[in-house]
1. Report, in deg cm²/dmol and to the nearest 500, the calculated mean residue ellipticity at 222 nm for the chain, where each DSSP H run with n ≥ 4 adds -39500 (n - 2.57) and the sum is divided by the residue count.
2. Quick one: length gained pulling Ala460 to Glu219 fully straight, 0.36 nm per residue minus the C-alpha distance?
3. Roughly how many Å is it from the Cα centre of the stretch 632-647 to that of the stretch 266-339, as a whole number?
4. Relative contact order of the stretch 451-562: what whole-number percent is it, with Cα pairs under 8 angstrom and at least 6 residues apart?
5. Report relative contact order for the stretch 363-477 in percent, whole number only (criteria: Cα-Cα under 8 Å, sequence separation at least 6).
6. Could you give the size of the charge dipole of the stretch 379-440 about its Cα centre, using +1 on the Cβ of each K and R and -1 on the Cβ of each D and E, expressed in debye and rounded to the nearest 20?
7. Over the chain, what is the relative contact order in whole percent, taking alpha-carbon pairs under 8 Å and six or more residues apart?
8. For Ser442 and Gln94 in one chain, what is 0.36 nm times their gap in residues minus the Cα-Cα distance, to one decimal in nm?
Amino acid sequence: MAVFIAVTAGIAWAQAPSLKPDPDAPPASTGLVAAAPPAIAGGHDLNTEDVDAWLDGYMPYALRSGDIAGAVVTVVKDGRVIAAKGYGYADVVQRRPVDPARTLFRPGSVSKLMTWTAVMQLVGAGKIDLDADVNKYLDFQIPPRGGRPVTMRQIMTHTAGFEETVKDLIAYNPKSAMPLGQYLKRWVPRRIFDPGTTPAYSNWATTVAGYVVERVSGETFENYVEKHIFIPLDMRTASFRQPLPAALVPLVATGYPRASAPAKGFEFVIPAPAGGLSASGLDMAKFMAAHLKGGKGVLEPASAGMMHNSPLNRVDPMSLIPPLNRMELGFFETGVNGRDVIGHLGDTENFHTSLYLFMKEGVGFYVSFNSAGREGGARVLRRQLLQDFADRYFPATDRDGQVDAVTAARHAKAMVGLWISSRRSESSFLGVLNLFGQTRISIDAKGGLVVDSLKGPGGAVRQWDEISPFVWRARYGSERLAAKVVDGQVVRWSSDGFSPFMMFDRVPASISSAWLLPAICFSLSVLVLTFLYWPATWFIRRRYASPLKVGGAALNAYRATRIMSLLVLIVASGWAWFIVSAFSDLDRLSSNSDWILWLLQIAGAIIFVGAVGIAGWNAWLTWRGGRRWAARIWSILIFLSASVALYTAAEFGLLSMTVNY
């Protein structure tokens, strides 16, 4: 059980999106009692000579120490490429180096920026209304929630309210690919939030947007993007086609879990508009340059302006936690060192990418790695690389404030408790991650804020200093954390690492791991001992010729209880095995595993329910039969343990009777 908890909790955290680069704070609020500079003013001149020298000194050691095979970095300024660098290997075995102009990387969710650009082209042409019911463009229906439909604006800002979906997300078998319509029509994910109120990142919703592009334009998504984005921008090595066209196959970088590990093969991203792009670093530089120049070549200036700085009067205040970043139309707002920066992150299983645009400075920065690296080091490296780039060329000059100690201690105490991410699933077995993935906030001996899941680049839990009311900054860092307060109560929070696509709400008492995890551990221990006691006492009775002083119905209930205890443990172990193996092998998170899910769910429905009934029957007969107090109390413990197992299975989706997740 301990192994199950530890591994599953790790899986839950692994599903969270990588932290975005750490932005610095806005100008200090009035009424603050102290100030300190977050960074040193002044910076290097951003030119080819300087950035090349800086990258050459930075990247080789970072790749080797992180066990990362290769990387590509491109920087654009004022519409031209000032740096295009390849490091390490596109293929470790063949020793093929990374070529920034020809080596194709898989930028994962950075692909969404192409999808959003395509949508905005059609918005500019008057063919898509951002605020209309998206069902008007579809040949299937997305049910309303609370009488309110889904709109394209909500899809682009990840506030449509959909729960997380991971089935058939990434596969290595080309036979797993399917048309967008087929992928979407299999089922519609449940909407767990009112539209517009809560950021909850959704690959499924992005795929809906790509399908709308197909339906409205009359072209396949791949053809549309090629014709209207890649060709106008001369992006000759970019493609959404999976498998790739024959001419591009030799150019694609090989993906690795680590540089020292075997290759995993070409990743087929089934919902292609959400992450199926392959492109060279140089082609991504061309895309950045277009957006930095107001969409030149692909968008009307007005449409590009809407993407880069969407109007606040169209945003539900509940979806924002000032001064943290917000979602633009497809781009993440990412204030780095107080600069106006927008961008996006992307992850496949093996490739890890970030793209950022410093809008006022006219600078774009792109990096992609073809390995996750040691302990997922590529995610940390891409975040730190951007921060170091900004510190070198665009350092912060604003000054932080400081809240007085008494107020800071009171505000920190108001944050204490367990919190759950808005990016989650509730209607399938993935709901079990909501138990093991809860985030705990506590206070240290000095009354400071401690968030167990927020760690610095070195892996240590960060310390937080309050710089304005209910806004904290990581000590010796630039990441901010802020809370939304309603009627004097903290109702949700986020940080620069999660905002603007994810927030945290308080965990309801009914699913709080504070009581439920100890209850589960105790219950499983009781069931293990109950079963083991049976053969142990049989051996002792046989050794000493001592008869069992139970007969008739009580004997049948006694035996059935032991059998059901074993079966509950077997089903629980089956779920633990499936969850751990599924997130270790993405092929299991596909239709190929439907039979396993049906088997576990049907067996669970029979066994978990049956165990409660039989344990109750056994307890009734034990108490009625006047047996010893130890037997009576143990019979109640068995009943309660079986009830906890049933409650957990029902509450966290293990009895959901679905293979859609």
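1. Details: 16 runs with 247 residues, N = 661.
Theoretical 222 nm ellipticity from helices: -12500 deg cm²/dmol.
2. On the way: separation 241, 0.36 × 241 = 86.76 nm, distance 4.97 nm.
Working it through step by step, the gained length comes to 81.8 nm.
3. First find each Cα centre; the distance between them is then 53 Å.
4. Numbers: 80 pairs, mean separation 10.8, N = 112.
Result for the stretch 451-562 is 10 percent.
5. Working: 112 pairs, mean separation 23.2, N = 115.
In percent, rounded to a whole number, it is 20.
6. Dipole of the stretch 379-440, to the nearest 20 debye: 240 debye.
7. Values: 1295 pairs, mean separation 130.4, N = 661.
It rounds to 20 percent for the chain.
8. Details: separation 348, 0.36 × 348 = 125.28 nm, distance 5.01 nm.
That pair, Ser442 and Gln94, stretches by 120.3 nm at full extension.
None of the figures in this text is laboratory data; all of them are computed from the coordinates on show. These numbers were taken from a predicted model, which means no experiment stands behind them. No Cβ is skipped: glycine too gets one built from the backbone with ideal geometry, and neighbour counts run over all protein chains shown.
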